[in-house]
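Take a look at the structure below.
The values are calculated or read from the model by the stated rules, or taken from the named source; none is laboratory data. Remember, it's a predicted structure, so these values are computed and weren't measured experimentally. With ideal geometry, Cβ positions are generated from the backbone for all residues, glycine too; neighbour counts draw on all protein chains shown. Heads up: the accessible areas ignore ligands, DNA and RNA and are worked out on the full protein's heavy atoms, side chains in. Shrake-Rupley method; radii C 1.70, N 1.55, O 1.52, S 1.80 Å.
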Amino acid sequence: MAEKITARAKNYPEWYLNVVKEAGLASNSDVRGCMVIKPTGYALWEKMQRGLDKLFKDTGHVNAYFPLFIPMSYLAKEEEMAEGFAKECAVVTHYRLKAEKGKPLHVDPTAELEEPLIVRPTSETIIWKSYKEWIQSYTDLPLLINQWANVVRWEMRTRLFLRTAEFLWQEGHTAHANAKEAEEETHRMVNVYRTFAEEFMAMPVLVGPKSDGQKFPGAIYTLCIEAMMQDGKALQAGTSHFLGQNFAKAFDVKFTTQDNKKEFAWATSWGVSTRLIGGLIMTHSDDNGLVIPPRLAPTHVVICPLGRNEAERAPCLAAAEKLAAELRNLPRNEFFGYEPIAVKIDNDMKNAPGYRFAEYELRGVPVRVEIGPKDMEKSACVVARRDVPGKEGKMMGIPLGGAAAHIDGLLRDIQKALFDRAKKMRDDRTTTANTLDEFKQLFPVNADGEDGELGIDALKFVYAHWDGTRETEDRVQKEFKATIRCIPFDGPTESGTCIFSGKPSAKRVVFARAY
RNA sequence: CGGGGUGUAGCUCAGUCUGGUAGAGCGCUUGGUUUGGGACCAAGAAGUCGUCGGUUCGAAUCCGGCCACCCCGACCA
């Protein structure tokens, strides 16, 4: 078998890039740090959008759109945000080029903008500038708005989906009449993200606040969902920020309360991005390629008719078409977003069967059906589940009559099996450190101060006591390349002693190496 | 911004040390044989060797400048 994909155990980052490229999700573009999202990758994003958008609408939000360009002075108004993003902003300074015969195309120096525009790294500032006009009275609140957009953050180093200079995302920006409602919203939305991650992506997550060192610039606090990848590293998959009155004050957004007083509005913002696709890949995929949980799969089932000649193929193809129709006509339900099961018939007989099977495995189609002459004799088919790769995942002799129902059930089983497997991995690789020595062993650093070459089984999520200070957090990051990922809501609650400083600790927090 | 590496066919790369008119595998096109886990045969199309300059009778190859990308750091919600 031609090895298109490096084994995870051999080189995990290379495996990841191989999967992204061989499954046809995305490729690097000519623009440094920016990717081309190919149809298969974009279809996955569309499925994610659809799932999330429904959850947003169900919680009372509406979509709107704000400009790509933001006057530089807007960003300057919120000091923490300006400081946080200054180093990674793309800046537009001119509005015209000059095309002269015999000269290369160049920027027209006479067309300089009076005020530079930045390409949005996030939209709080320009949105709150609008909210100043929209919010006059407590009756205008809450204002619950989401935007699907692209943003640009000029990162030094990028990786397909996980960190790119331009990425697609959604950003929710809400305004509320009081702190309590805004905080409830912050929690509501992080729970929406948890639901999406666990029920759609089959990706178990830890939920809780970030430490101060990891929070969003301009936020009072940041809640996050944090997932474990197959190499034991953590991936921040979504964040929900309680912004207090910081942006209302920066943009002077006041409303009249019921008792005719003026008050600044309370804010939240929350977002997830195409990074989720990276997380999805690193949670479920294997050495044979992409694995997509059924609820997000653009194609749920591929049917491969087989046969050595036209006479053998014709009845197989007819059976394939019948089965496809049955699958598409199954009653729609919530599990598949009230959409029909997406079935593709692969009738490309030019390629050998093995090639075709491997190709769909590479692309992560959850269920593959094979219908060949031997099956036709028994009015049966072969059903293969992608979460069990290779021949082991094949079930022979599924009667054609009951195949549609069988596959419908199997898709649900696969969704559950993927979640259970991912959760088991995370739980098996979660531990505690009660002393500094234990911690050192869990996050070894080589002589150069680098994190060294660890096998993919080495890293863990580590619960340890921390004194709550920024100072200790920074020290741990520097010495062990490990960061506080999250202070889980449902984590252990016993108090103790910080293993780094010896000071009292209220609660254990989760340390990990991160993407 | 530091350290390392790479630019040769659509893709992956050999050829560079030792200068002599451009190679392989995969992919693609055509025809034929195949078809239950990545088939085979034959013919064919395809490259101003990243770029600019220098040395030379002659440069992918030697020398110099520049550009781009990748990897490792630093940085990063």
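Structure notes:
- Cα shape, region A:28-140, gyration tensor, a/c 1.5 rule: oblate
- Extension gain from A:D58 to A:D490, taking 0.36 nm per residue of separation minus the Cα-Cα distance: 153.0 nm
- Model label points for A:E133 and A:N150, set 7 angstrom from Cα along the Cα-to-Cβ axis, are 2.6 nm apart.
- Here chain A is assigned +1 on the Cβ of each Lys and Arg and -1 on the Cβ of each Asp and Glu. Its dipole about the Cα centre then comes out at about 760 debye.
- Accessible area (Å², per residue) of region A:431-512, counting only protein heavy atoms and a probe of 1.4 Å: 52
- Helix A:310-328 axis, angle to chain A major axis (alpha carbon atoms, nearest 10°): 40
- With a Förster radius of 56 Å applied to the C-beta separation of A:D140 and A:A314, the computed FRET efficiency comes to 0.30.
- For A:Q477 and A:E334, a Förster radius of 41 Å and the Cβ-Cβ distance give a FRET efficiency of 0.45, rounded to the nearest 0.05.
- Simple spin-label estimate for A:K394 and A:E114 in nanometres, 7 Å along Cα-Cβ: 7.2
- Per-peptide packing, taken as the mean over residues of other Cβ atoms within 10 Å, places A:76-88, A:143-155 in the sequence A:143-155, A:76-88 from highest down.
- Carbon and sulfur %, accessible surface of region A:431-512 computed with the full protein complex present, 1.4 Å: 47
- Potential extension, A:K254-A:T432 segment - 0.36 nm per residue separation minus Cα distance: 59.4 nm
- Dipole orientation for chain A: of the candidates A:S73, A:T40, A:L330, A:L330 has the Cα lying most toward the positive pole (charges on Cβ; Lys, Arg +1; Asp, Glu -1).
- Probe 1.4 Å, protein heavy atoms only - accessible area per residue of region A:1-114 in square angstrom: 62
- The accessible area of A:S27, taken with all protein chains in place and a 1.4 Å probe, comes to roughly 30 Å².
- Potential lengthening of the chain between A:K350 and A:K416 amounts to 20.2 nm, from the contour at 0.36 nm per residue minus the alpha-carbon distance.
- Charge dipole (chain A, unit charges on Cβ, about Cα centre) - positive-most of A:P305, A:N18, A:T257: A:P305
- Segments A:392-398, A:13-19 sorted - mean Cβ within 10 Å per residue, highest first: A:13-19, A:392-398
- Cα shape, region A:229-286, gyration tensor, a/c 1.5 rule: prolate
- All-pairs alpha carbon distance profile, chain A, 10 Å steps from 0, percent: 4, 16, 24, 23, 18, 10, 4, 1, 0
- Remark: accessible surface ordering of A:C486, A:C34 (largest first) is A:C34, A:C486, probe radius 1.4 Å.
- Under 18 Å between alpha carbons - lysine pairs in region A:271-410 that sit 8 or more apart or on different chains: 6
- Nitroxide proxy distance, nm - points 7 Å out along Cα→Cβ at A:H106 and A:K38: 4.0
- Within region A:301-410, percent of DSSP bridges classed antiparallel, to nearest 5: 50
- The angle between the Cα long axis of helix A:353-363 and the longest principal axis of the Cα atoms of chain A comes to about 10 degrees, rounded to the nearest 10.
- Loop-located trypsin sites (Lys or Arg not before Pro) in region A:7-43 whose Cβ has at most 15 other Cβ within 10 Å (DSSP): A:K10, A:R32
- Nearest 10 degrees, 0 to 90: helix A:275-284 Cα axis against chain A principal axis: 40
- Ordering of A:198-204, A:352-358 by burial proxy (mean other Cβ atoms within 10 Å per residue, highest first): A:198-204, A:352-358
- Sequence-distant lysines (8 or more away, or on other chains) whose Cα lies within less than 19 Å of A:K21: A:K4, A:K10, A:K38
- Charge tally for A:P298 (other residues, Cβ to Cβ under 9 Å; Lys, Arg +1; Asp, Glu -1): 0.
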